[in-house]
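A.B. asks: Here it is, the structure, as structure tokens.
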Amino acid sequence: MPTSAPHRAEFRQNLLQRLHLALRIAGRTVQFLGTDGFDGSDHPDGNFAAEKPLAETAMLLYVAGRHAADPALRDLFDKAIHDLVPHARSERMRWDIVRYPSVCLQLATPHILLGKLGRSDARFDALLAESATASVSESHEVVPYRELELMWLEALWRNEAPRPGFVETARKTALGRAIDLLNGTRDDAYAHTHAAMYYTDFGNWQGRLPRPAHEFLDESASVLARALVIEDYDLAAEALMAWPLLSTDWSPAAAFGFRVVASLEDKVGFLPAGRSASSQLLRLDGHDRTKCALATSYHTAYVMGMLCAVALKPDMASPFEIAGPAHEMALVNHLRSLIPSTGAYWERVFASLHTDEQAALAPFLLDVALMQASRRGDAAQMARLLQAAVTHGLADTSLCAQSAGLLTRMSALVARD
């Protein structure tokens, strides 16, 4: 059902306010981290150079730029661009472009994206061209989704379509190959979310995917479920981007995920990376505390801002409405009873939902129950969950197929023993 004009105006304003928050955080991030990065040797995330927040700030501005003319964003957006330019094209950045031709495109990310935003620099372009054509410019080996990123950056820089091989490279990423939803690493999930960003130019390009879009989105829903369970809100927001990037209606699980991250942002004041606060942060004060707080939270805040920016696409419905086929509440309650309570924020949000919203989330609960049963090594529980999925018409998912495959391999192992 099309979204009514008053309702569209309401959720659009909500998303713009969240994007405004991300741009405010970007201003502070460039101020505190844009010159020297972060020395966090005793922090779990470790050190990072200034190139990281500068590149990510540029990506936020690139995506937000589609809405920069809106009065709610214009002044803040223009200031963020103004503040980023001297850092993106500093003398140190020029030296790094010359010294490291094998990663020159990555280093030049802020410069390239600023160019797409109307702030070009011919002298920096000429310097980048020298490094990009150096004999060792392709000497740094990268994984497929990173290769996709380089092709995307090169296409933007040269203002042309991606060079031949773009689609073939995409086939080697999670866009063309399934990831392990039960025992895969966070890096696997990260590769899944980022491949879609680069392949679609954050939703600007609508090329055909190497495999059916519903398969990719099905996996995105499982990545989202896992992220909400372990309270990895950076990954959760990235997984949520899949629906607007592919211009696809929000699934009930995706709308629920958006409800979780949005309400948490409202509660905390920004979207945090996770539940635990840094012990280091509590030992600091003043400038050092501000810098550490930004270093540990800016990225997730940026991802939330980019999610809101792509969710503002004209063809996207409200992400706040959880609507879909209603499943039996007996099934919903049964699945919920099988999921151990950990105090994760999604549990509180789920409990606050109307019955009809909860009834649409049986597939999400099935994902969570299967992943937790797998983590415990409870094959019997997995088998019972799969039987329930078949009975209720919920078994046609990647996670169910992978769970069945795991049980088959386990049976083969037992039979051999």
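A.B. asks: Determine whether residue 148 is open to solvent by less than 10 Å² (accessible area, probe 1.4 Å), modelled with pLDDT of 95 or more and assigned to a helix (DSSP H, G or I). Give the steps one after another, and end with the answer.
C.D. replies: Details: open to solvent by less than 10 Å² (accessible area, probe 1.4 Å): yes; modelled with pLDDT of 95 or more: yes; assigned to a helix (DSSP H, G or I): yes.
So residue 148 fits the description; yes.
A.B. asks: How many of the residues making up region 56-79 are among the aliphatic types (A, V, I, L, M), open to solvent by 10 Å² or more (accessible area, probe 1.4 Å) and in a helix (DSSP H, G or I)? Spell out the reasoning first.
C.D. replies: Within region 56-79, the first condition is being among the aliphatic types (A, V, I, L, M), and the residues that meet it are 58-61, 63-64, 68-69, 72-73, 76.
Okay, now just the ones that are also open to solvent by 10 Å² or more (accessible area, probe 1.4 Å), so 59, 68-69, 72, 76.
Now drop any that are not in a helix (DSSP H, G or I), which leaves 59, 76.
Selection size over region 56-79: 2.
This table checks each residue for (1) of a type in the set (Gly, Ala, Ser); (2) surrounded by fewer than 24 Cβ atoms within 10 Å (Cβ to Cβ); (3) at pLDDT 95 or above; (4) not in a helix (DSSP H, G or I).
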{"position": "193", "(1), (2), (3), (4)": "no, no, yes, no"}
{"position": "225", "(1), (2), (3), (4)": "yes, no, yes, no"}
{"position": "228", "(1), (2), (3), (4)": "no, no, yes, no"}
{"position": "259", "(1), (2), (3), (4)": "no, yes, yes, no"}
{"position": "272", "(1), (2), (3), (4)": "no, yes, no, yes"}
{"position": "289", "(1), (2), (3), (4)": "no, yes, no, no"}
{"position": "295", "(1), (2), (3), (4)": "yes, no, no, no"}
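Residues are listed down the side, and each one gets a yes or a no for (1) of a type outside the set (A, V, I, L, M); (2) open to solvent by less than 30 Å² (accessible area, probe 1.4 Å); (3) assigned to a helix (DSSP H, G or I); (4) under 28 Å from residue 156 (Cβ atoms):
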{"residue": "187", "(1), (2), (3), (4)": "yes, no, yes, yes"}
{"residue": "190", "(1), (2), (3), (4)": "yes, no, yes, yes"}
{"residue": "198", "(1), (2), (3), (4)": "yes, yes, yes, yes"}
{"residue": "208", "(1), (2), (3), (4)": "yes, no, no, yes"}
{"residue": "216", "(1), (2), (3), (4)": "yes, yes, yes, yes"}
{"residue": "222", "(1), (2), (3), (4)": "yes, yes, yes, no"}
{"residue": "235", "(1), (2), (3), (4)": "no, yes, yes, yes"}
{"residue": "264", "(1), (2), (3), (4)": "no, yes, yes, no"}
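A.B. asks: Return yes or no: is residue 395 among the aliphatic types (A, V, I, L, M), in a loop (DSSP other than H, G, I, E, B), at pLDDT 95 or above and surrounded by 14 or more Cβ atoms within 10 Å (Cβ to Cβ)?
C.D. replies: Details: among the aliphatic types (A, V, I, L, M): yes; in a loop (DSSP other than H, G, I, E, B): yes; at pLDDT 95 or above: yes; surrounded by 14 or more Cβ atoms within 10 Å (Cβ to Cβ): yes.
When the stated conditions are applied, residue 395 passes them.
A.B. asks: Every residue in region 80-96 that is surrounded by 15 or more Cβ atoms within 10 Å (Cβ to Cβ) and among the acidic types (Asp, Glu), please.
C.D. replies: Within region 80-96, 83, 96 qualify.
A.B. asks: With surrounded by fewer than 12 Cβ atoms within 10 Å (Cβ to Cβ) and not in a loop (DSSP other than H, G, I, E, B) as the only criterion, which of 401, 412, 383, 388 stands out?
C.D. replies: Numbers: 401 fails: surrounded by fewer than 12 Cβ atoms within 10 Å (Cβ to Cβ); 383 fails: surrounded by fewer than 12 Cβ atoms within 10 Å (Cβ to Cβ); 388 fails: surrounded by fewer than 12 Cβ atoms within 10 Å (Cβ to Cβ).
So the residue among 401, 412, 383, 388 that is surrounded by fewer than 12 Cβ atoms within 10 Å (Cβ to Cβ) and not in a loop (DSSP other than H, G, I, E, B) is 412.
A.B. asks: Being of a type in the set (A, V, I, L, M, F, W, C), touching a residue at least 12 places away in the same chain (Cβ under 8 Å) and either under 24 Å from residue 110 (Cα atoms) or open to solvent by 100 Å² or more (accessible area, probe 1.4 Å) (or both) is the filter here, so list the residues in region 156-179 that pass it.
C.D. replies: First pass over region 156-179, keeping only residues of a type in the set (A, V, I, L, M, F, W, C): 156-157, 161, 166-167, 170, 174-175, 178-179.
Next cut, touching a residue at least 12 places away in the same chain (Cβ under 8 Å) only: 156-157, 166-167, 170, 174-175, 178-179.
Within region 156-179, 156, 157, 166, 170 meet the criteria.
Every residue, every condition in (1) under 26 Å from the mean Cα position of the chain (by Cα); (2) in a helix (DSSP H, G or I); (3) at positive phi, yes or no:
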residue	(1), (2), (3)
321	yes, no, no
327	no, no, no
333	no, yes, no
339	yes, no, no
343	yes, no, yes
348	yes, yes, no
353	yes, no, no
356	no, yes, no
363	yes, yes, no
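A.B. asks: Looking at region 323-378 only, could you name the residues that are in contact (Cβ under 8 Å) with a residue 12 or more places away in the chain, surrounded by 15 or more Cβ atoms within 10 Å (Cβ to Cβ) and more than 24 Å from residue 404 (Cα to Cα)?
C.D. replies: Residues satisfying the conditions are 323, 324, 326, 344, 345, 346, 349, 350, 353, 357, 358, 359.
A.B. asks: So is residue 139 farther than 30 Å from residue 79 by Cβ, touching a helix residue (DSSP H, G or I) at 6+ places or on another chain (Cβ under 9 Å), touching a residue at least 12 places away in the same chain (Cβ under 8 Å) and open to solvent by 10 Å² or more (accessible area, probe 1.4 Å) or not?
C.D. replies: yes
The values are calculated or read from the model by the stated rules, or taken from the named source; none is laboratory data. Every value quoted in this text rests on a predicted model; they were computed, and no experiment measured them. Note that we place each Cβ from the backbone using ideal geometry, even for glycine, and neighbour counts take in every protein chain shown. Quick note on the areas: whole protein, heavy atoms, side chains included, nothing else; ligands and nucleic acids left out. Shrake-Rupley method; radii C 1.70, N 1.55, O 1.52, S 1.80 Å.
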